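*Asks:* Have a look at this one.
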Amino acid sequence: MTTEEGAIRLTEALQKRVNALAKAHGGTASEVVCYLLERALRELNARPAIAEGRSQREGAREDPRLDWWRAARFGMFIHWGLYAIPAGVWKGEEIPGIGEWIMYRARIPMAEYEQLAKEFNPVKFDAAEWVSLAKKAGQKYLVITSKHHDGFCMYKSEVGDYNIVDATPFGRDPMKELAAECERQGIRFGFYYSQTQDWHHPDGDANDWDYDEGEKDFAGYIDNYVKPQVRELLTNYGPTCLIWFDTPKRITAEQSSSLLHLVHEIQPDCLVSGRLGNTLGDYASAGDNAIPEEAVDVDWETPATINDTWGFKTHDHNWKSTEDLIRKLVDIVSKGGNYLLNVGPTAEGVIPQPSVDRLLAMGDWLKVNGEAVYETTPGPIQGVDWCRSTVKPGKVYLHVFEWPEGGEIKVPEIDKEVAKAYLLADPSCTALPVSSDGDGVIVKGPAQAPDAIDTVIVLTVEG
Ligand code: FHN
């Protein structure tokens, strides 16, 4: 069956169902669809940002191994693999959804998808350039797909030859090059690894078009394939800051636990993402692009896209603005989280220019305002639209998103005496007039917003 036939059949099946519902409940088909969509949206919005099983394991909240990660606040995620070749288009047809899911969405037979490896030759790949971009963006760690759900290994694995060194004309190991560059440029290096879904391995989860799900030996796949690969990753690439497991799905608590122990046994300082599953990760993982409504008292991270896809897609031009990205970073940090922002390089090994432009602009902003982001914790002002706040000992940072007319900033009561207020962007730290009324303090800033995206005001406070 072609994808097109699949889509038509699905449409017909849906149509029948919708018609039946409309008949049973006395409405039109479009009323039924609108009702269902609204209900689904309400349910989606009501979902907690951190799903069950993806939160932080007991005892990790106080673990000093996470101190660097807590201070870092901003990382680079890289989704790179064979899916960058079709880049969202299969046999002339645009395949909806995220780029790295093309094999699944178009139900591409494994034997056909595998052929992409013969074409993969990213001659423009330059590890030094990628790492330098992350540094310029102000990102403190880099996490890259060593194996995504398509099962193709972007590193030299001895456990099978479906990997970039053995199966492509490129023949180089980009993970080796990136690990070395991260070390050289002083940024932490980590791996994404899809532990449950593997659409290539006969016993991995989710490929039901080539294999029979009921026949799979998932436990054998974890023991004989996943574990040796995790061992390779943690043995051959120097210090690994974290392993970013994903989509836990059918993994059992025992399997998650044994992976956690394996990682910690080989590299005790290596962190494990919350998507290991079964609430066993070292830190919690929010949903993709999901930001909790309020500060959360666990260590958590939001993985996020700059456009709408993780793996490169030719037709996705829905780039978020720099303003949006900076404010998302600040919003997340003000609630105690980290922002792991993705780039999806092309099959040639190039990070798309719109991503580069935005990351550089974020870096410029952080050069001036990083003090109010790195090594901070959630500040006292929460739950208002116009401002976010972060703190460090002796300092409260107000991130003003909406500058009041006239420049008088009314700060709600905070439980410490304000000794001085100044603009973080002002190198001379000139004091801004501070007065108080019954409800808090008033800082008199410039009439116009000094920074249209986020003006940071520093309040020095006692203690
Ligand atoms: O299915 C994956 C997806 O491809 C991507 O890797 C994201 C990144 O957080 N994780 C999964 C979906 O949540």
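Read the figures in this text as sums done on the coordinates, not as results from a lab. Since the model is a prediction, treat every value here as computed from it, not as a measurement. Using ideal geometry, Cβ is built from the backbone for each residue, glycine included, and neighbour counts are taken over all protein chains shown.
*Asks:* Relative to the compact globular guide of 2.2 N^0.38 Å, what is the alpha carbon radius of gyration of segment 342-407, as a ratio?
*Replies:* Against the empirical 2.2 N^0.38 Å value, I get 1.51 for segment 342-407.
*Asks:* Follow-up. With all pairs of different alpha carbon atoms counted, what Kirkwood hydrodynamic radius in Å does segment 81-128 show?
*Replies:* Value: 11.5 Å, from the Cα pair sum.
*Asks:* Let's test this: bin the Cα-Cα distances of the chain at 10 Å from zero up to the farthest pair and state each bin's percent.
*Replies:* Going out from 0 Å in 10 Å bins, the chain shows 4, 18, 27, 24, 15, 8, 3, 0 percent.
*Asks:* Here's something else I'd like to know. Packing-wise, with mean Cβ within 10 Å as the measure, how do 432-438, 343-349 rank, highest first?
*Replies:* Descending mean neighbour count gives 343-349, 432-438.
*Asks:* Here's another thing I want to ask about it. Under the rule a/c < 1.5 gives rounded, and otherwise a/b versus b/c splits prolate from oblate, where does segment 119-262 land using the Cα gyration tensor?
*Replies:* prolate
*Asks:* I would also like to ask the following. Quick check on the exposure proxy: order 34, 387, 153 from fewest to most C-beta atoms within 10 angstrom.
*Replies:* So the residues, fewest neighbours to most, are 34, 387, 153.
*Asks:* Compute the distribution of all C-alpha to C-alpha distances in segment 21-91, in bins of 5 Å from 0, and list the percent of pairs in each, rounded to whole numbers.
*Replies:* Result returned by the calculation: 3, 10, 9, 9, 10, 12, 15, 12, 8, 6, 4, 2, 0.
*Asks:* Using modelled backbone amide H atoms (1.01 Å from N, in-plane), which distant-in-sequence or interchain residues come within less than 5 Å of residue 296's amide H?
*Replies:* Distant-sequence amide H within range of residue 296: zero hits.
*Asks:* Quick query: amide H of residue 338 versus all other amide H atoms, modeled in the peptide plane; which residues come in under 5 Å with a sequence gap of 5 or more or a different chain?
*Replies:* 300, 301, 302
*Asks:* Then there is this: As a quick test, which of the pairs 118/216; 335/395; 140/416; 124/156; 249/313 have an alpha carbon distance above 23 angstrom in this structure?
*Replies:* The answer is 118/216; 140/416; 249/313.
*Asks:* Given Cβ point charges of +1 (Lys, Arg) and -1 (Asp, Glu) and nothing else, what value in debye, to the nearest 20, does the dipole of the chain about its Cα centre take?
*Replies:* Computed about the Cα centre, the dipole is about 420 debye.
*Asks:* Tally Lys/Arg at +1 and Asp/Glu at -1 over every other residue whose Cβ is under 13 Å from the Cβ of residue 390; what's the total?
*Replies:* Surrounding charge for residue 390 is +2.
*Asks:* On to the next question. Given 142, 84, 110, which one lies farthest toward the positive end of the charge dipole of the chain, if we put +1 on the Cβ of every Lys and Arg and -1 on the Cβ of every Asp and Glu?
*Replies:* So the residue furthest toward the plus end is 142.
*Asks:* Based on the alpha-carbon gyration tensor of segment 77-173 and its eigenvalue square roots a ≥ b ≥ c, which shape applies: rounded if a/c is under 1.5, prolate if not and a/b is larger than b/c, or oblate?
*Replies:* Here segment 77-173 falls in the oblate category.
*Asks:* Further, regarding this structure: Of 354, 280, 260, which is farthest towards the positive pole of the chain's charge dipole, taken about the Cα centre with +1 and -1 on the beta-carbons of Lys, Arg and Asp, Glu respectively?
*Replies:* Farthest along the dipole direction, towards plus: 354.
*Asks:* A follow-up question, please. Sort segment 194-315 into rounded, prolate or oblate with this rule: let a ≥ b ≥ c be the square roots of the eigenvalues of the Cα gyration tensor; rounded if a/c is under 1.5, and if a/c is not under 1.5, prolate when a/b is larger than b/c, oblate otherwise.
*Replies:* Cα axes put segment 194-315 in the oblate bin.
*Asks:* With a sphere of radius 11 Å drawn around the Cβ of residue 201, what net charge do the other residues whose Cβ falls strictly inside it have (Lys, Arg +1; Asp, Glu -1)?
*Replies:* Spelling it out: positives minus negatives among the neighbours equals -4.
*Asks:* Okay, next question. Cβ under 12 Å from residue 145's Cβ, residue 145 left aside: what net charge do those residues give with Lys, Arg +1 and Asp, Glu -1?
*Replies:* -2
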